[in-house]
Amino acid sequence: MAYISITVNGRLRSGDVEPRMLLVHFLRERLNLTGAHVGCDTSQCGACTVLIDGQSAKSCTVLAVQADGSEVTTIEGLATEGQLHPLQEAFWAEHGLQCGYCTPGMILSGVDLLKNTPQPTEQQVREGISGNFCRCTGYQHIVNAIQRAAGTRR
């Protein structure tokens with residue numbers, strides 16, 4: 001067993017974990033934060049995307065012990081004081097989701113994208129979410145939502 005301490009959504013969380021436990025399983029099984037989804041088990045779909053120290057990462061490719069000492073933000077940590085994050089609002093307004101399975105990962109990838117590229121073009125948005133699969137929307141509404149949050153929706 002390994003002892004870890006991770007700040008998750010602003011709250012210090014710690015405990016013993018198996019060294020091989022993936023971060024996604026620590027979040028879902030130990031902390032009951034189920035917004036990070038396990039979609040493919042091959043790190044291709046992006047449904048498990050979270051922010052680690054402000055950068056998007058697929059939590060199915062990160063061991064919980066690797067996140068020791070880090071700050072992790074999940075979809076549950078984006079809304080503050082009952083107010084949705086601007087990207088969450090934009091996804092709602094632009095119908096950027098259907099089944100919702102990919103949505104947490106898409107939104108967190110969008111947060112990272114907008115942090116680094118505050119006024120992205122459509123192509124930059126598409127490249128920024130290229131590590132996330134959506135099997136329902138055809139992506140246009142997702143692109144519209146991210147551009148709406150950036151204030152560049154035409």
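Here is how the numbers come out for the structure above:
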item	result
For the stretch 19-154, alpha-carbon Rg over 2.2 N^0.38 Å	1.00
Residue with peak Gaussian network fluctuation, the chain [Cα springs, cutoff 10 Å], from Leu63, Leu22, Leu31	Leu31
Local electrostatic count, Ser56, Cβ distance below 10 Å [Lys/Arg +1, Asp/Glu -1]	+1
Relative contact order (%) - the chain, alpha-carbon pairs under 8 angstrom, separation at least six	24 percent
Inter-site label distance for Asn32 and Arg126 at 7 Å from Cα along Cβ, in nm	4.3 nm
Solvent-accessible heavy-atom area per residue, rounded to whole Å², over the chain at 1.4 Å	51 Å²
Relative contact order for the stretch 89-154, counting Cα pairs under 8 Å that sit 6 or more residues apart, in percent	51 percent
The chain - mean residue ellipticity at 222 nm from DSSP helices (-39,500 (n - 2.57) per run, n ≥ 4, rounded to 500)	-7500 deg cm²/dmol
Apportionment of accessible area to carbon and sulfur, the chain, percent (1.4 Å)	47 percent
Dipole-positive endmost among Ala47, Leu97, Leu12 within the chain (Cβ charges, Cα centre)	Leu97
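The values are calculated or read from the model by the stated rules, or taken from the named source; none is laboratory data. Just so it is clear, the model here is predicted, and its values are computed rather than measured. All Cβ positions, even for glycine, are placed from backbone atoms using ideal geometry, and neighbour counts span all protein chains on display. The protein model used for the area step is the full one, side chains on, heavy atoms only, and it has no ligands, DNA or RNA in it. Shrake-Rupley method; radii C 1.70, N 1.55, O 1.52, S 1.80 Å.
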